[in-house]
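Undergrad: To start, I am sharing the structure in question, which I have written as structure tokens.
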Amino acid sequence: MGGHLLNNRQLIIQALDLIEDRLTTFLPVAVLSKEMGYSLYHFTRLFQAVTGIAPGDYIARRKISEAALDIHRMPERSLQDISLDYNFSNYETFTRAFKRMLHTTPSLVRKRLTETKLPLLPRLYEQDLLQV
């Protein structure tokens, strides 16, 4: 039994690596679960149990967090380009997701180079995982 849990953690660590590698691509949870060799249902339950976050939510929050950092890091890139970098189908979808997760807009982040801490989600590592 104990060994099985380790496998679950290892599996999620691999999934987290894969997500980071593909932040700029379209990565549906169904594709991710298939690549990890699990059913969507099982993978989703496992991911949430180990990270405390649903996989789709984690992917979206990581994309938006990195995009927000890029808005600071790359003043020469337009907000539209940054939304395309992270594979958002259009700028409106990007702004909506951005607002929902960070409670502000991309243009405000760029304008005020916001001093208020944005609720960014950093990449999770093994030490961040829940002990299940």
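Every number in this text was worked out from the coordinates using simple rules, so none of it is lab data. Bear in mind the structure is a predicted one, so any value in this text is a computation, not a measurement. Note that we place each Cβ from the backbone using ideal geometry, even for glycine, and neighbour counts take in every protein chain shown.
Undergrad: If you take the charge dipole of the chain about its Cα centre, with +1 on Lys and Arg Cβ and -1 on Asp and Glu Cβ, which of Ile71, Gln10, Tyr86 is farthest toward its positive end?
TA: Ile71
Undergrad: Oh, and also: Three principal axis extents, largest first, for the C-alpha atoms of the chain, in Å?
TA: In descending order, the Cα extents are 53, 28, 21 Å.
Undergrad: Please identify the trypsin sites (Lys or Arg not before Pro) of the stretch 23-132 that satisfy two criteria: DSSP loop assignment and at most 15 other Cβ atoms within 10 Å. Which are they? Intermediate values should be presented prior to the final figure.
TA: Details: sites: Lys34, Arg45, Arg61, Arg62, Lys63, Arg73, Arg77, Arg96, Lys99, Arg100, Arg110, Lys111, Arg112, Lys117, Arg123; in loops: Arg77, Lys117, Arg123.
Of the trypsin sites (Lys or Arg not before Pro), the ones in loops of the stretch 23-132 whose Cβ has at most 15 other Cβ atoms within 10 Å are Arg77, Lys117, Arg123.
Undergrad: So, one more: How much net charge surrounds Arg22 when only other residues with a Cβ under 15 Å from its Cβ are counted (Lys, Arg +1; Asp, Glu -1)?
TA: On the way: positive: Lys34, Arg61, Arg62, Lys63, Arg123; negative: Asp17, Glu20, Asp21, Glu35, Glu66, Asp85.
Value of the local net charge: -1.
Undergrad: Taking only DSSP H segments of four or more residues, each worth -39500 (n - 2.57), what value at 222 nm results for the chain once the sum is divided by all its residues, to the nearest 500 deg cm²/dmol? Walk me through the numbers on the way to the answer.
TA: Numbers: 7 runs with 84 residues, N = 132.
About -20000 deg cm²/dmol.
Undergrad: Turning to a different aspect of this structure: Using only Cα atoms and rounding to the nearest 10 degrees, what angle (0 to 90) does helix 91-102 make with the longest principal axis of the chain?
TA: 70
Undergrad: Going by alpha carbons, how many degrees (0 to 90, nearest 10) lie between the helix axis of 2-21 and the longest principal axis of the chain?
TA: 20
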